[in-house]
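The values are calculated or read from the model by the stated rules, or taken from the named source; none is laboratory data. The shown structure was predicted, so the numbers you read here are calculated from the model rather than taken from an experiment. With ideal geometry, Cβ positions are generated from the backbone for all residues, glycine too; neighbour counts draw on all protein chains shown.
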Amino acid sequence: ANGGVGTLVEDDGSDVPYLVTCRLASGTVSFWYMRKDLVKATGAKAGEGAVFRVPVTPSNAKPGLRVMRGPHWKWSDQDGGPGRLGTLVKFRQAEFSFGWWRVKWDVGELNSYRVGAQVHDLAIADGDQR
């Protein structure tokens, strides 16, 4: 699954990370968000349409995957700016509850970003079907 227009189906309403279920054309997908990150990422409320991008997670990360900024992005313009794309190069190391993946950005920069069960610096770029 990749990014696409979906409808926010439900959230559990708490201020701790909560499960978001969204219905995309390719099927239903669920992932964890903090409330502030969901608002930042989509601006959606339950029942509204919004663009959802599936976060890069340990289970879907692999070399060659095309990526863009995810909901927990905090790295200024290392990627060249909003909407810029890059490619996962390799897994760097595990630390705490997440790992670090190297990304080669199309603008030429090479940096490492957090990929974990609840930490999503990266999202799968639109159109990547890997």
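Observations on the model:
- Qualifying residue in segment 39-53 (condition: modelled with pLDDT of 90 or more and surrounded by fewer than 16 Cβ atoms within 10 Å (Cβ to Cβ)): no
- In this structure, T57 does not qualify as surrounded by 15 or more Cβ atoms within 10 Å (Cβ to Cβ) and modelled with pLDDT of 95 or more.
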